[in-house]
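The numbers here are math on the coordinates, done by the rules we state, and not lab data. Quick caveat, the model's predicted, so the values are computed rather than measured. Heads up, the Cβs are rebuilt from the backbone with ideal geometry, glycines too, and the neighbour counts pull from every protein chain shown.
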Amino acid sequence: MNTFGWTRRALLAAATATLAVSGVAKAQPMMEAVHFLIPGGAGGGWDGTARGTGDALVAAGLLGTVTYENLSGGGGGVAIASLIENAASSDGTLMVNSTPIVIRALTGEISQSFRDLTPVAGTVGDYAALVVTADSPITTMEEALAMYRADGIGFAIGGGSVPGGMDHLVAAIVMQAAGEDPTAFNYVGYDAGGEAMAGLLSGEIDALSTGFSEAIALSAQGVVRILGVTAPERVPASADTPTFVEQGIDAQFVNWRGFFAAPGMDAAKVEAYQALLAAMLETPEWEATRASMGLVNIWRPGAEFTEFLEAQETQLGDLMRQLGFL
């Protein structure tokens, strides 16, 4: 699917007309200031995405000034509540978020959902992958499934999240798409990705569910072998890595990252934000930032973003009910 469709081209055309220059202009910012609200602490994925976006916008000359606010707590709920409560004075604020806003709303960990906000655009994402150690006898997903079918509960897949968390859900999506019962395989949850990797290397688990960007880095270091990626087609950053789809397993998932505005924001302001972000994605400053984070562009503005969120909510909700977490 072309995730950079006509909507993005229209936004870029509008931005070009506004700037009255060819290409991305640096002489006149498209917007004077943006305040990025970050629902977690410094150093996390949300923090890196917001600061990388803001810094790229300023460096490209698209934005005059940028400020950041880390407001952690409640699984992201504190920041969401603040944005909603201060909607009248939040025209200059964009809040970063990702797949957990869908998962945590489903489980009730947060009382709000994306429907309580104004979805502006999804900008980047990280696909997921299943990996084994580089010296594992398992060389393909077909071999992994054969081992699982022969050994049952003795075959363990681990992840850096608790049962019911994202790594577990990704593994279940893959197993279900392969024709297996998503509730029957042995998932071992660890407190973080580092502990999960230690479990893989020590032989506690046979395979690891993890983010694709992390898998690429570990593969390049000769630590792991990637069995498959949950992308619809091969990702240029690791063109030799097969997708699950091409292996006959229709397992697709992306941990998106994107931006939301306060509820009730004026449509013209939302379009201005979309034009700003669309223009940013064309700049070398953003390309350097995106590459350093190991993410892929997944441009989905406005209604397209909302439709994607609704589809992901259905996919994950159905699976979580099957797994007994809802």
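Out of all DSSP beta bridges in the chain, what portion is antiparallel? Express it as a percent rounded to 5. Please report the intermediate quantities before stating the final value.
Details: 25 of 43 bridges.
Once the DSSP bridges in the chain are tallied, antiparallel ones form about 60 percent.
Against the chain, whose longest principal axis comes from its Cα atoms, helix 267-280 is set at around 70 degrees. Couplings 3J(HN,Hα) for the stretch 53-69, derived from phi with the Karplus relation 6.51 cos²θ - 1.76 cosθ + 1.60 (θ = phi - 60°), are 5, x, 5, 5, 4, 5, 4, 7, x, 8, 9, x, 9, 9, 10, 10, 9 Hz, where x marks Gly and Pro. Less than 5 angstrom separates the built amide H of Met30 from those of Leu63, all sequence-distant by 5 or more or on a different chain. Report the calculated FRET efficiency for Ser111 and Glu180 (r = Cβ-Cβ distance, R0 = 25 Å), to the nearest 0.05. So, using R0 = 25 Å, E works out to roughly 0.15.
Selection among Phe212, Tyr68, Asn186 by position relative to the dipole of the chain gives Tyr68 as farthest towards the positive end (Cβ unit charges, Cα centre). Our Cα-only numbers for the stretch 132-193 put the radius of gyration and Dmax at 11.4, 29 Å. Peptide packing for 223-230, 40-47, 257-264 was compared via the average number of neighbouring C-beta atoms within 10 Å per residue; ordered from the highest value, the list is 223-230, 257-264, 40-47.
Sort 120-132, 96-108 for me by packing, meaning the mean count of neighbouring Cβ atoms within 10 Å per residue, highest on top. Could you put the intermediate results ahead of the total?
Details: 120-132: 25.9, 96-108: 20.6.
The peptides rank, most packed first, as 120-132, 96-108.
Model label points for Asp55 and Ile84, set 7 angstrom from Cα along the Cα-to-Cβ axis, are 3.3 nm apart.
Mind putting a number on the dipole of the stretch 28-113 about its Cα centre? Charges go on the C-beta only, +1 for Lys and Arg and -1 for Asp and Glu, and I need it in Debye to the nearest 20. Working shown, then result.
Details: 2 positive and 7 negative charges, 36 e Å.
That gives a dipole near 180 debye.
No solvent, one uniform scatterer per C-alpha: report log10 I(q)/I(0) for the stretch 268-319 via the Debye equation at q = 0.14, 0.24, 0.26 1/Å, two decimals. One equal scatterer on each Cα of the stretch 268-319 leads to -0.51, -0.93, -0.97.
Each residue of the stretch 161-176 is assigned a 3J(HN,Hα), and the resulting list reads 8, 5, x, x, x, 4, 4, 5, 5, 4, 4, 5, 4, 5, 5, 5 Hz, derived from the Karplus form 6.51 cos²θ - 1.76 cosθ + 1.60 (θ = phi - 60°), x at Gly and Pro.
Calculate, for Ala33 and Ala134, the FRET efficiency according to 1/(1 + (r/R0)^6) with r their C-beta to C-beta distance and R0 35 Å; round to the nearest 0.05.
0.15
Note on the chain: helix-only mean residue ellipticity at 222 nm, from DSSP H runs of 4+ residues weighted -39500 (n - 2.57) and normalised by residue number, equals -13000 deg cm²/dmol. Around the amide H of Thr243, modelled in the peptide plane, lie the amide H atoms of Val229, all under 5 Å away and 5 or more residues distant in sequence or on another chain. Summed over all non-identical Cα pairs, the Kirkwood treatment of the stretch 127-247 gives a radius of 13.9 Å.
Here the contact order of the stretch 127-247, divided by its residue count and restricted to Cα pairs under 8 Å and six or more residues apart, works out to 37 percent. Taking amide H atoms as placed 1.01 Å from N in the peptide plane, the amide H of Ile110 lies under 5 Å from those of Ala105, each 5 or more residues away in sequence or on another chain.
Derived scalar couplings between HN and Hα for the stretch 313-324 equal 4, 5, 4, 6, x, 4, 5, 5, 5, 4, 7, x Hz in order, rounded to whole Hz, by the Karplus curve 6.51 cos²θ - 1.76 cosθ + 1.60 (θ = phi - 60°), x for Gly and Pro. Its Cα centre serving as origin, the stretch 127-247 has a Cβ charge dipole (Lys and Arg +1, Asp and Glu -1) of approximately 120 debye. Taking label points 7 Å from Cα along the Cα-to-Cβ direction, Glu69 and Leu326 give a separation of 3.1 nm.
Shape analysis of the stretch 24-99 places it in the oblate category; the axes a ≥ b ≥ c from the Cα gyration tensor give an a/c of at least 1.5, with a/b not above b/c.
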